[in-house]
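Step one of this worksheet: look at the structure below.
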Amino acid sequence: MTKLTETQTIILSAGAQRPENIALPLPKGLAGAAAKMAVSKMIEHGWLQEVDANLRRNEPLWRETGDGHGTTLVVTDAGLLAIGIEPVVVKTVVAIREHAKSAIPQPPTQRKGTKQAQIIALLNRKDGASIAEMVAATGWQSHYADPRVMPM
């Protein structure tokens, strides 16, 4: 097994922590020919892979392909293993994060045209609403709005 350099370890470790194992951005100070050489060696070893960048999700570009598209770099399963991380662990963590995002309860939506919606609209007015206005809007009987009649 090939021994990783400090730079390679930093690139792979950072990529393992990002969504979709995106290896970019590269560490500060690594640019130009040095970056190209480091990435080329990592691709040769199978630790990184060049894939089409999803520009809609603002994935960082490694290089432009000239046709309005570009590529990004992702850490491969071999790259994860090279830094001692089981790929299944990374995939499980990603799945848990995705599930947690979808499990966030959404606020209830107000059904239009209901009596509740009418009351809320009346109460949201600048001057609010009187009991008489709510009774007129909903067709409720006025004694239902009388606190002396309502059970506590």
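The values are calculated or read from the model by the stated rules, or taken from the named source; none is laboratory data. Computed from a predicted structure; not experimentally measured. Cβ placement follows ideal geometry from the backbone for every residue including glycine, while neighbour counts extend to all protein chains displayed.
Quick notes on this one:
- Test set (1) closer than 30 Å to Thr7 by Cβ; (2) surrounded by 14 or more Cβ atoms within 10 Å (Cβ to Cβ); (3) of a type in the set (Asp, Glu); (4) without any contact (Cβ under 8 Å) to a residue 12 or more places away in the chain - Glu133 fails condition number: (1)
- Matching helices (runs of 4 or more DSSP H) fully within segment 5-114 where at least 2 residues are at pLDDT below 90 and not β-branched (Val, Ile, Thr): 87-102
For (1) closer than 27 Å to Asp67 by Cβ; (2) out of contact with any helix residue (DSSP H, G or I) (no Cβ under 6 Å at 6 or more places or on another chain), each residue gets a yes or a no:
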{"position": "Ala14", "(1), (2)": "no, yes"}
{"position": "Arg18", "(1), (2)": "yes, yes"}
{"position": "Ala31", "(1), (2)": "yes, yes"}
{"position": "Lys36", "(1), (2)": "yes, yes"}
{"position": "Val39", "(1), (2)": "yes, yes"}
{"position": "Leu48", "(1), (2)": "yes, no"}
{"position": "Asp52", "(1), (2)": "yes, yes"}
{"position": "Arg56", "(1), (2)": "yes, yes"}
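Here's the yes/no breakdown for (1) of a type in the set (Asp, Glu); (2) in contact with an Asp or Glu (Cβ under 7 Å, 6 or more places away or on another chain); (3) surrounded by 13 or more Cβ atoms within 10 Å (Cβ to Cβ); (4) within 27 Å of Val94 (Cα to Cα):
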position: Asn21; (1), (2), (3), (4): no, no, yes, yes
position: Leu26; (1), (2), (3), (4): no, no, yes, yes
position: Ala33; (1), (2), (3), (4): no, no, no, no
position: Asp52; (1), (2), (3), (4): yes, no, no, yes
position: Leu55; (1), (2), (3), (4): no, no, no, yes
position: Thr65; (1), (2), (3), (4): no, no, no, no
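- Qualifying residues in segment 98-126 (those that are surrounded by 10 or more Cβ atoms within 10 Å (Cβ to Cβ) and either in contact with a strand residue (DSSP E or B) (Cβ under 7 Å, 6 or more places away or on another chain) or without any contact (Cβ under 8 Å) to a residue 12 or more places away in the chain (or both)) - the one nearest to Ile10 (Cα to Cα): Glu98
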